[in-house]
Structures are given as C-alpha cells and as structure tokens.
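Student: Here it is: the structure, laid out below.
Read-outs: derived from the displayed coordinates by stated rules, not from any lab. What you are looking at is a predicted structure, and each value in this text was computed from that prediction instead of being measured. Reconstructed Cβ throughout: ideal geometry from the backbone, glycine too, with neighbour counts over all protein chains shown.
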Amino acid sequence: MKAEISGPTPVGANIEKSPSAFSIMWREVVRDRLALGSLIILGILLAIVYGVSLFLDQEEIVKVDFLSIYSPPSAEHWLGTDYGGRDVFGQLIIGARNSFTIGLAITLITGLIGLTIGLIAGYFGGWIDNVIMRVIDFILVLPFLMLVIVFVAIVPKYNVLTFILIMSAFLWTGKARLIRAKTLAERELDYVSASKTLGTPDWKIIIFQILPNLSSIIIVNLTLNLAGNIGIESGLTYLGFGLPESTPSLGTLVSYATNPDVLQNKWWVWLPASLLILVMMLCINFIGQALKRAADARQRLG
Amino acid sequence: MALLNIQHLKVYYPVRGGFFRRVVDHVRAVDDVSFSLNKGETYGLVGESGCGKTTTGRTIIGLIRATAGEVLFEGTDLTKLRRREFHPYRKDIQMIFQDPYSSLNPRKRVLDIVAEPLRNFERLSPHEERQKVQYVLERVGLSAESIYKYPHEFSGGQRQRIGIARALTLNPKLIIADEPVSALDVSVQAQVLNFMKEIQQEYGLTYLFISHDLGIIRHMCDRIGIMYRGRLVEEGTSEEIFTNPQHIYTKRLLSAIPNADPRERGRQEALRREVEKEYEQSYSRYFDENGRAHPLKPISPTHSVAIP
C-alpha cells in the first residue's frame, strides 16, 4: 500500500478513503491475467446470450420440423438440428440464458436465506443457534436428489420458477453454516461489545457492524457457488429430472448425447452445449479464485 | 451516597460433564464481591490475569449476566432490569476497552464510530452531529479532519483516544476502563493516562480502573481493591495498600514490582524471598481448605483485609 502524504486538508474536501473491499477485489482480478481473461470472455458470452435471445422466438425454436431431422450445420441452421428438427443454435442460446438465470437466481436466493439465518444463529447463539443448527442438520441428512425427483413429479406446473424454488429450498444450508461460523468469530470481537454498551439495538449491530465485515467472504462464496449451481441445473436435466423439453436448457442438449448415434456421428447437437458449460464454469471459477485471494491479504498478488 | 454500589456480586459458569451434560461444578469467575464507588473518585481493581476483574467490569455494564448479587447504580439495581429498562442507564455508564485494535470496527469511519452513541440517544442533524464529533475528537487531541479516516490509519495510542472519545460523547457519569493502556507502549501509556485524569477533573467522571499494572494503579487510583480467584482479598486507599499491605497476596504482588535501580536489586531480591517464605508458611492462615480467600474484615475505616 502506498504511503499517503498529505498536508492538512479542509474538512469535507478531499475525503481520503481506504481501499474498499470492492476496489481490492477489482485490483486482484485485473492483476490476474487468467481472471481478467475469464471476466472478459464471460462478459462477452453473457452479452451474446442475453442479447441474441431477445430476438429469438422460443415457440418457433421448439416447434418440431420432421423435414429437417438431424440436419448438419448449414447457413439456415448454424449448428444443425436435433432429432425433432429443432434449431440447435436457438436452443443453445435460450438454454444458456435459462441455465445461467437459474444458477444466478438459486445463488442469490440461497445467499439471502443463508445470510439471514446464519447471521441470526451466529449472533444470538444459545438455544436459537441450537434450534437452527438442528433444523439445518435435518435438511442435510435428507436425500437431496431423491426429494428433488419427488418434487418434480408432484409439482403440477413445472417451469423455471418452480425449479429455482425447489433447489433453493435445499441449497441454503451450506451458506447458513458458513455465515454462522464467521459470525460466531466476529461477535467475540470488542467492537460488537462496544456497540452493545453504546446502546445500539441488536438488529443494527448485525446489519451495520457485523455484515460489512463479512462482505468479502460472502462475495467469494457466492461467485464460486454460481458455477456449481449452473452445473446442478445441467446435471439434473441430463438425468431427466430437470426442465421439460419445451424449455430449452444446456442440460437438455447435453442429454441428447445419451443416444450413441448422436454421441458418435452428430456432434453438433451436444458438443456446443458441453463446451459452453465448460467455458462458463471455468471462467466463473477463475474469477472466484481471484476474489478468494483478494479476501485474504496474505495471498494477494497486488 | 455512593454512585455505584456492588453487593455480593457473583458470576458463575456451569461446568458440564457426565451423563446428559449435567452441571457438575461451577467456575466461580466472580465470587461474592462487594465494593462501592463514590462520585468523582477512581477505584482500581487489580489482580493477576483470570482473577475476574474484567468479568466484574463487564457484568456492571451488562455485557455479562450476573448469577447473583446487586449492582446498584444511583440506587437502581441494574442486574434486575430488562433490556429496555436498561437503555437509559447505558448513557451514564460507558466502557473503554482493552484492545484498541478490535474495539473499533475496521469498516467504519471515525465519524460513524464516535457518532454511534449519539445516533442511539440523541436526534441531531448531520451537521450538529459532525460538529459534536469534531469537538470530542479535538478534546482527545485528534485533528478535526480525522473524522473521515478509517481506524487502521491511526496508531495504537490514537485509536485508544478514539475509543475514549466514543465513551465521552454522551457525558457519562461512570467510565469502566478495562486495562485501557495495556496494549500501548509505555510513552503512549503516560499520555493516555494523563489525558484520562484531565477529563476526569473536567467532567467530574468516576472511573472503575481495571489493570494488572501496579505502577499505573498507583498513579491513577484513589482506592484499590485487590482481586484473587474471583474474590476481593484486600481493599483500601492507594496509600494503605502500597505502604501497609496486610494480605499475603497483596504482599506478593507488591514485591513483584520491578525496581529500575540496580543498586536496590539485592534488597528487592531479599524482600521477594522473604515474602515467598511467608507465603509458603502462612498459606493456610489466609485461605480456607478450598483455597478460597476469607471474607473481608475491616481493620481501619477505609482498609479491609480477607483474614479469618
């Protein structure tokens, strides 16, 4: 950190701030070539996916066309068609949009729930903590995959929104645990005791005193989780318990490869989707690693 | 009338073990401690680490629940109050923390740190608030423009001054100073202590001064209580304790004060040996069969000792 040499400044002018958590993270990402490259690639990919999907008509794309089954890439169908004669490129774009939206939504919802519950459990401790942790333990011992399959079967209107809600109901526990552990460590520090003796109510201490000190760990965890959550959607859809075929997703496209003929001879159906998943998850992970280093001063590059 | 009167204060922590995690014993962190503070005086609480002096301070301000006993502040028992009823008393009792590094939130500007009590108790416009914070900061010897800085931009001594400024903003009557200078180096210690004395005279503050450093205690305190294993073993004026120690633990503490004069070294060592010998011989006279100190007995109007 550079030394700050400054003469007496008039109050209010020239507010010299210490580097915020955000600027430290930004600096770390820029210093790391891999992370910066990942950020640029991811940005371009997302811009294309969300931009192009605006001009695509989902109804048109999922419409079956028997005249052009498994046609290879051509000028009309950039990435060919699948067994129903549906345009793979269109499915890829909309599928990527769906998968990423799902991943992001799950991450944000689980983050919010986990944060609230983890902070409450960690700050108050005692029987509140005990009750919450036992509930979390209970949810963790449930067979996640089986329950998701059951839910998928009994939910009447199964779409992106219900999928997000079902996943979020199970995935918040890990975050709650992480946040609770950090809060437990943080609340022992004297600044929390000081706030109590100064008459600050508990909810204010939690939100305005403890939460800012957890921000870096939260950002890191959410980023790394985002990659995992995109994978979860693709994985479940691949197994056949994800989204219905009328809603294109990356997992649907990859699952076509279960057919040996498609896997061997019709690469255009599954390869683009697989590559897109790979690239997106790697990019997010590389960015996440850089952020993780930023959160720990000893590992920083710059 | 005494500003603060502590009667038979006990803080026990359960030790659990055996089947069903039953309570098998208690750790007696504070074990039947009584003393009182008069307005405007400085009362020193001395003892080795782990003897319960910090626990006593934290219990008085309500950070730790008392197991039994009374903390009478201007006649009101603070231990019986509900949280909401305690609120108005927060204004009158403030605390200076031991570690100036962890007692200031690293993510907050000095303005937010010092204004925190004001925001809880007074409704001020942002302008008035800033003026008040700047006034207090100037009182503790920090420049007015430091309100926009973060704690890590200050040295340890300056940080402790910020902590003191925060405790002062509400004009409290009682300040509990929990080893306020033990984390600072010696030259800064004197600076902070003298400053605390100055503001005491200016505002008529009462201090409960918790420390293990007898030199500082002698410099600061009017009256002293010596704590050992959660109990008071001797209480008296500063003069009485330092010139006429009665309890063996007090004698041991005093003999442990290092003497900077090399010519006195021999005498100091002889004194230490003598006290050690007395300690070994007369241990059973000062402590009962469980190793607990006896209740305090007055030997003069101001001086009391724990002897049978």
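Student: Which FRET efficiency value, to the nearest 0.05, is calculated for residue B:281 and residue B:194 with the Förster distance at 51 angstrom and r the Cβ-Cβ distance?
Tutor: Working: r = 42 Å, r/R0 = 0.82.
Step by step, r from the Cβ atoms, then E = 0.75.
Student: For chain B, set up a GNM with springs between Cα atoms under 10 Å and report which of B:164, B:64, B:248 has the largest fluctuation.
Tutor: B:64
Student: Please give every one of the aspartates and glutamates within straight-line cross-link reach of residue B:277, meaning a C-alpha to C-alpha distance under 14 Å, and leave out same-chain neighbours fewer than 8 residues apart.
Tutor: In chain and number order, the partners are B:269.
Student: Show which lysines lie in cross-link reach of residue B:297 when reach means a straight Cα distance below 23 angstrom and same-chain residues fewer than eight apart are skipped.
Tutor: Answer for residue B:297, where 23 Å is the Cα cut-off: B:10, B:53, B:251, listed by chain and number.
Student: Highest GNM mean-square fluctuation, chain B, Cα pairs closer than 10 Å: which of B:58, B:166, B:265?
Tutor: B:265
Student: Further question on the same structure: Along the three principal axes, how long is chain B when you take its alpha carbons, biggest first, rounded to the nearest angstrom?
Tutor: Principal extents (Cα only, largest first): 66, 58, 43 Å.
Student: How high is the relative contact order of region A:56-286, in percent, with contacts defined as C-alpha pairs under 8 Å that are six or more residues apart? Before the final figure, lay out the partial values.
Tutor: Details: 288 pairs, mean separation 58.3, N = 231.
Relative contact order, region A:56-286: 25 percent.
Student: Something else about it: Under 25 °C and 0.890 mPa s, how fast does region A:56-286 diffuse according to Stokes-Einstein, given a Kirkwood radius computed over C-alpha pairs? Answer in µm²/s, whole number. Could the numbers behind the result be given before it?
Tutor: Details: Rh = 19.9 Å.
The diffusion coefficient I find is 123 µm²/s.
Student: Here is a further query. Which lysines, on any chain, are close to residue A:292 with Cα under 29 Å apart, when same-chain ones fewer than 8 places away are left out?
Tutor: A:2, A:17, A:175, A:182, A:204, B:108, B:149
Student: Taking just the alpha-carbon atoms of region A:39-170, what radius of gyration and Dmax come out, in angstrom?
Tutor: That works out to 20.7, 67 Å for Rg and Dmax.
Student: Taking only Cα atoms, what is the 0 to 90° angle, nearest 10, from helix A:160-187's long axis to the longest principal axis of chain A?
Tutor: 20
Student: Between residue A:165 and residue A:78, take the C-beta separation as r, use R0 = 22 Å, and let me know the FRET efficiency to the nearest 0.05.
Tutor: Details: r = 34 Å, r/R0 = 1.55.
My answer for the efficiency is 0.05.
Student: For the residue pair residue A:134 and residue A:104, what label-to-label distance in nm results when each label sits 7 Å from Cα along the Cα-to-beta-carbon direction?
Tutor: Taking the two extended label points, one gets 4.0 nm.
Student: Obtain the nm distance between the two label points defined at residue A:157 and residue A:271 by a simple spin-label model: each point lies 7 Å from its Cα along the Cα-to-C-beta direction.
Tutor: 4.1
Student: Another question, then. Could you state the angle between the C-alpha long axis of helix A:33-53 and the longest principal axis of the C-alpha atoms of chain A, as a value from 0 to 90 degrees rounded to the nearest 10?
Tutor: 50
Student: With helices defined as uninterrupted DSSP H runs, which ones in chain B have an alpha carbon span along their own long axis of at least 15 Å and mean Kyte-Doolittle hydropathy of at least -0.5? Spell out each step's value before the answer.
Tutor: Working: long enough: B:110-121 (18 Å, 0.71); B:126-139 (20 Å, -1.74); B:156-168 (18 Å, -0.41); B:186-203 (26 Å, -0.17); B:265-286 (30 Å, -2.14).
TM-like helix candidates: B:110-121, B:156-168, B:186-203.
Student: Follow-up. Cα extents of region B:90-215 along the three principal axes, largest first, in whole Å?
Tutor: So the extents along the principal axes, rounded to whole Å, are 44, 30, 21.
Student: Be a star and scan region B:186-206 for residues whose amide nitrogen sits under 15 Å from the point 7 Å along the Cα-to-Cβ vector of residue B:260.
Tutor: B:186-191
Student: In whole Hz, with x marking every Gly and Pro, tabulate ³J(HN,Hα) for region B:302-308 from phi via Karplus 6.51 cos²θ - 1.76 cosθ + 1.60, θ = phi - 60°.
Tutor: 10, 10, 9, 9, 8, 10, x
Student: For an R0 of 45 angstrom, estimate the FRET efficiency from the Cβ-Cβ distance between residue B:272 and residue B:80 and round to the nearest 0.05. Don't jump to the answer; show the numbers that get you there.
Tutor: Details: r = 46 Å, r/R0 = 1.01.
Once rounded, the FRET efficiency stands at 0.50.
Student: Counting just the Cα atoms, what span does the protein assembly as shown cover along each of its three principal axes? Round to the nearest Å and put the largest first.
Tutor: 111, 67, 51
Student: As a check on your grasp of the helix formula, calculate [θ] at 222 nm for chain A: sum -39500 (n - 2.57) over DSSP H runs of n ≥ 4, divide by the residue count, round to the nearest 500.
Tutor: Numbers: 12 runs with 206 residues, N = 302.
The helix-only estimate for chain A comes to -23000 deg cm²/dmol at 222 nm.
Student: Tell me which residues come under 5 Å, amide H to amide H, from residue A:71 once H is placed; ignore anything under 5 positions away on its chain.
Tutor: The answer is A:81.
Student: Which chymotrypsin sites (Phe, Trp or Tyr not before Pro) in region A:21-75 sit in a loop by DSSP (not H, G, I, E or B) and have at most 14 other Cβ atoms within 10 Å of their own Cβ? Write down the numbers at each step before the final one.
Tutor: Values: sites: A:22, A:26, A:50, A:55, A:66, A:70; in loops: A:55, A:70.
Qualifying residues, ordered by number: A:55.
Student: Please list, ordered by chain and number, the residues whose modelled amide H lies under 5 Å from the amide H of residue B:26; skip anything fewer than 5 residues away on the same chain.
Tutor: B:15
Student: Oh, and also: Normalising by the residue count of region A:69-142, find the relative contact order in percent from Cα pairs under 8 Å and 6+ residues apart.
Tutor: Values: 45 pairs, mean separation 10.2, N = 74.
Dividing the mean separation by the residue count of region A:69-142 yields 14 percent.
Student: What is the angle, in °, between the Cα long axis of helix A:144-154 and the longest principal axis of the Cα atoms in chain A? Nearest 10 is fine, range 0 to 90.
Tutor: Its long axis makes an angle of about 60 degrees.
Student: From the convex hull of the Cα coordinates of region A:149-257, what is the mean projected area in square nanometres?
Tutor: Numbers: hull surface 35.4 nm².
It is 8.8 nm².
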